[in-house]
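A.B. asks: One structure, pasted below without further comment.
Here, each number is a calculation from the coordinates, and none is a lab measurement. Everything numeric here is computed off the predicted structure, so don't read it as measured data. For neighbour counting, all protein chains shown are included, and Cβ atoms are generated from backbone atoms with ideal geometry for every residue, glycine included.
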Amino acid sequence: MKNYDWNHLLSTYKKIVKPNFIVLEIGASTQKRTNDLIPFCKKIIGIEYNKKRLLKNSKNIEYLLGDWQKLSKILKPNSIDLAISSHVIEHIPDDVKALNELYSVLKPNSCAIINTPNRERLTRKIIEVFTGKRKFPYWEHIREYTESDLISLIYKSNFKKYKITPLVFGIHGANINFYLKKVPKFLRKLSNFWEIVLYK
């Protein structure tokens with residue numbers, strides 16, 4: 001299951017991106033992942049909150065220190081063709097504001113692809129039988145989302161059109177690795193991750 005959520009996001013990205021696109025990568029602290037994105041677009045703007053993780057610019061990749069909740073202070077309105085964010089939104093204090101800021105910098109008829117852990121993934125449900133429900137904030141996560149949480153979040157934001165896809169069903173951890181990449185419909189609520197496409 002290693003990196004399956006990223007690989008799925010990358011597959012979705014490749015179906016949408018065009019060679020002339022300016023792509024925004026929120027949480028751009030992993031050079032390999034940025035390198036996965038760059039062959040398919042004109043330019044990547046990487047936003048990274050942590051100064052220590054900020055990477056060096058290259059030919060068509062520009063890294064900026066910034067906060068997702070304040071994108072409009074860094075980027076022009078309606079300037080981004082496509083945005084990517086992998087495992088970032090669960091760290092953001094004001095997720096509604098973050099989505100609205102994202103909406104403001106996206107061009108009309110463009111979209112954003114976001115992935116995040118499912119709060120009710122099977123592994124977590126099993127652990128919680130013994131430990132009780134996890135309370136948030138936990139470690140770096142301010143929250144995690146069920147599908148209904150995501151729908152509620154989107155409805156509070158300026159985005160109105162969206163698609164949510166469950167990714168991976170199974171158990172992983174220690175030496176146990178049993179999972180299905182395609183989530184059966186009746187097990188959707190227990191998927192490991194969510195992939196959300198938001199359309200402006």
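A.B. asks: As a check on your grasp of the helix formula, calculate [θ] at 222 nm for the chain: sum -39500 (n - 2.57) over DSSP H runs of n ≥ 4, divide by the residue count, round to the nearest 500.
C.D. replies: -7500 deg cm²/dmol
A.B. asks: Working out 0.36 nm times the residue gap between Lys185 and Ser11, then minus their Cα-Cα distance, what length gain in nm do you get to one decimal?
C.D. replies: 60.5 nm
A.B. asks: Next question. If you build a Gaussian network model of the chain, linking Cα atoms that sit under 10 Å apart, which residue out of Ser58, Ser104, Ser79 swings the most?
C.D. replies: Of Ser58, Ser104, Ser79, the most mobile in the Gaussian network model is Ser58.
A.B. asks: Gain in length, Trp139 to Thr165, computed as 0.36 nm per residue apart minus the alpha-carbon separation, to one decimal in nm?
C.D. replies: Values: separation 26, 0.36 × 26 = 9.36 nm, distance 2.56 nm.
Difference between extended and current length: 6.8 nm.
A.B. asks: Moving to a separate point now. Which helices count as membrane-span-like in the chain under these terms: full DSSP H, at least 15 Å along the axis by C-alpha, Kyte-Doolittle mean of -1.0 or more?
C.D. replies: Qualifying helices, which must be both long enough and hydrophobic enough, are 4-16, 95-105.
A.B. asks: By counting other Cβ atoms within 10 Å of each Cβ, how are Ile16, Ile45, Ile154, Ile84 ranked from fewest to most?
C.D. replies: Ranking Ile16, Ile45, Ile154, Ile84 by Cβ neighbours within 10 Å, fewest first, gives Ile16, Ile154, Ile45, Ile84.
A.B. asks: Give me Lys43, Lys76, Lys156 sorted ascending by neighbouring Cβ count inside 10 Å, so fewest comes first.
C.D. replies: Lys76, Lys156, Lys43
A.B. asks: Among the DSSP beta bridges whose two residues both lie in region 57-180, what percent are antiparallel, rounded to the nearest 5? Before the final figure, lay out each step's value.
C.D. replies: Numbers: 7 of 14 bridges.
Rounded to the nearest five, the antiparallel share is 50 percent.
A.B. asks: FRET efficiency for Lys156 and Lys70, Cβ-Cβ distance as r, R0 = 25 Å, nearest 0.05?
C.D. replies: Computed FRET efficiency for Lys156 and Lys70 comes out at 0.85.
A.B. asks: Under a crude label model (7 Å from the Cα following the beta-carbon direction), how far is Asn50 from Asn177 in nanometres?
C.D. replies: Between Asn50 and Asn177, the label points sit 2.4 nm apart.
A.B. asks: Label Lys125 and Asp94 with points 7 Å out from Cα along Cα→Cβ: what is the distance between them in nm?
C.D. replies: Inter-label distance under the simple model: 3.5 nm.
A.B. asks: With contacts defined as alpha carbon pairs under 8 Å and 6 or more residues apart, what's the relative contact order of region 4-199 in percent?
C.D. replies: Details: 376 pairs, mean separation 38.8, N = 196.
Here the relative contact order equals 20 percent.
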